[in-house]
Amino acid sequence: MSTDFNLDTNPSDISQEDFASFFDDYLNQRSIREQSVVKGQVIGIEGDWVTVDVGYKAEGIISKNQFLNEEGELTIEVGDTVDVYLDTMHEDEGQLILSKEKADQMKAWEEISKAYENNQIVTGQITQRVKGGLSVDIGVKAFLPGSQVDLRPVKNLEKLLGEDMDFRIIKFNRRRGNIVLSRRVLLEEERQVKRTETLKSLEVGAIVDGVVKNITDYGAFIDLGGIDGLLHITDMTYGRITHPSEMVKVGQVLEVKILKYDAESQRVSLGYKQIRPDPWEEVEFKYPVGAIVRGKVVSMPDYGAFIELEDGIEGLVHISEMTWNKRIKHPSKLVEVGDVVEAKVLGVDVEGQRISLGMRQLESNPWDLVEESYPIGSIVSGKVRNITDFGIFVGVEEGIDGLVHISDLSWSQRIRHPSEVYKKGDEVEARVLNIDRDGERFSLGIKQLSDDPWLSVHSRYFLGQLVKGRIVSHTDFGIFVEIEDGVEGLVHMSELLHEEEWEAHYQLGVEISVEIRRIDPHDRKISLSEKDAVQRGDNQTSVEEYMARQGESSSRLGDVLGDLSKKLGS
């Protein structure tokens, strides 16, 4: 409180100390003005109010809430000196309007102004997501644009709410109350310092620690300290992965090896698998030819299945080595990705990093017993499994198909395509003609179930014989006539009665008479003539009549001789 004096006060009664105090109070009151921050002393705390003396004729009161911390605790006590904002002075009412909060804000603006002028760092708490960025409390409300949050765009800004961070003030306007912050500027400065230090020690072959910064389909970018290096997916592991995220995560600390470094472009290529032993160095000892191995199916193209034997070591089971059954057209009919299978090592190429495996080699080969089970000449039965232009395949047993060539389907029929006679699923019988175990070929014949009519053709036909046959086909040089099942002969164009417009006269299926002119059983050929047959046919009547007359004469001669014999006998 100030010292009280009035006009009745005797100057001799005023001590030197009181006068000094009075003079200080007088100067203080003259310096106090509205809309400014002044110092005051807490002289009382009662109820919800705090009484503060700022050295004026009257005291002011402030709500106690303005002196509470975040935990709700009072931060002052009687006798403390505090900075307060003098809003207005009502001298008539003897009252001062004071504010602790406004004083704090005024001080904050002063400090922020100094920080901006001196390019200093300020600390604040992210409080709210707003349009275009975030709201930050640095003592007063400030704006942090989304582009200034980090070195790379941050997709989820909400996750930063409540975080305390350092910033640089990049725009400041106290009159408008506008403050714009940047965290990115600080990160770039920090990164540049790290980059300078990192470049001093960067060399090919060095093993360094880095932090996974970003992951793409083709690899991961590793922050080595202010400079990024690319860890390509092919340099992550000796094994098989489909995406880098299977091995690394953003933020993970990783030990890597520097494979390449271009100082001009500052591009760095990194390797992870290169700091570990190459499993192919011992593959010949671990997986010798003939060994039985076990692994997991990791990939399945159309031509086979890749089996992972260990991390970085895979072998291929070609589809032809998966089963003895050649009807399997895709590996998925036998295995699936993820299956654990056994196989036999067929070959190892260390330089090419290839291992050939076989699964069928672990099973007995049905071709080993086929000759014993189906001797040549024996008759087998089975269903038609497939039809091609050149014949039909008959399933003899699982994994064993026999081929009946189109030429072995029939002795007699002229078959243009096997589908004219057979369809899939038909049950047929056939005779075993030949077995090629090494080539895995099984030859069958259906026509061989009956005798070849050409073998005995001479016993049934002779030169000059008149026969009848059915026209079965046309050619440019004549027609073929079937004279019995499986035996055909050619009537040359010159031996036809009707050489002109012959197709109209000789339609398929029509029966004509012909004479046999030539027989060649070896080449399965018979030459026929229609002209000779007709000529023989014209003369045939006279011959028959002559033979008939000869027969009558012989009969009469026999009767005479019989009568003569009776007479002589009597």
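Values quoted throughout were computed directly from the atomic coordinates according to the rules given, and no laboratory measurement underlies them. Not measured: the values here are computed from a predicted model. Note that each Cβ is placed from the backbone with ideal geometry, even for glycine, and that neighbours are counted across all protein chains shown.
Taking segment 238-254 and a reference point 7 angstrom along Cα→Cβ of residue 163, the backbone N atoms nearer than 16 Å belong to 250-252. With a cut-off of 19 Å on the backbone N, the residues of segment 299-338 near the modelled label site 7 Å out from residue 291 along Cα-Cβ are 306-318. Database remark: amide H of residue 216 closer than 5 angstrom to the amide H of 221 (H placed geometrically; neighbours at sequence offset of 5 or more, or on other chains; Pro and chain starts carry no H). Here the label points at residue 130 and residue 497, each 7 Å from Cα along the C-beta direction, are separated by 11.7 nm in the simple model. Rounded to the nearest 10 degrees, the inclination of helix 184-201 to the longest alpha-carbon principal axis of the chain is 70 degrees. A simple spin-label model places the labels of residue 511 and residue 197 11.2 nm from each other, with each point 7 Å out along Cα-to-Cβ. Amide H contacts of residue 80 (H built 1.01 Å from N, in plane; Pro and chain starts excluded): 42 sit under 5 Å, all sequence-distant by 5 or more or on other chains. With a Förster radius of 41 Å applied to the C-beta separation of residue 186 and residue 49, the computed FRET efficiency comes to 0.45. Between residue 451 and residue 282, the modelled label-to-label distance comes to 7.4 nm, taking each label 7 Å out from Cα in the direction of the beta carbon. Length, then width, then depth: along the principal axes, the Cα atoms of segment 119-187 run 33, 22, 19 Å. Of the trypsin sites (Lys or Arg not before Pro) found in segment 33-80, those that fall in a DSSP loop while having at most 16 other beta-carbon atoms within 10 Å are 33, 57.
Axis angle, to the nearest 10 degrees, between helix 530-569 and the longest C-alpha principal axis of the chain: 40 degrees.
Rounded to the nearest 500 deg cm²/dmol, what is the calculated helix-only ellipticity per residue at 222 nm for the chain, with -39500 (n - 2.57) per DSSP H run of length n ≥ 4?
Numbers: 8 runs with 108 residues, N = 570.
Calculated at 222 nm, the ellipticity per residue is -6000 deg cm²/dmol.
Scaling against 2.2 N^0.38 Å puts the C-alpha radius of gyration of the chain at 2.34.
In Å³ and rounded to a whole number, note down the convex hull volume per residue for the Cα atoms of segment 368-415.
Working: hull volume 4.5 nm³, N = 48.
Output value, Cα hull per residue: 93 Å³.
Coupling constants for segment 428-442 follow from the phi torsions by the Karplus curve (6.51 cos²θ - 1.76 cosθ + 1.60, θ = phi - 60°), and in residue order they are 9, 10, 8, 9, 6, 9, 7, 10, 10, 5, 5, x, 6, 10, 10 Hz; glycine and proline get x. The alpha carbon centroids of segment 493-512 and segment 408-478 are separated by 26 Å.
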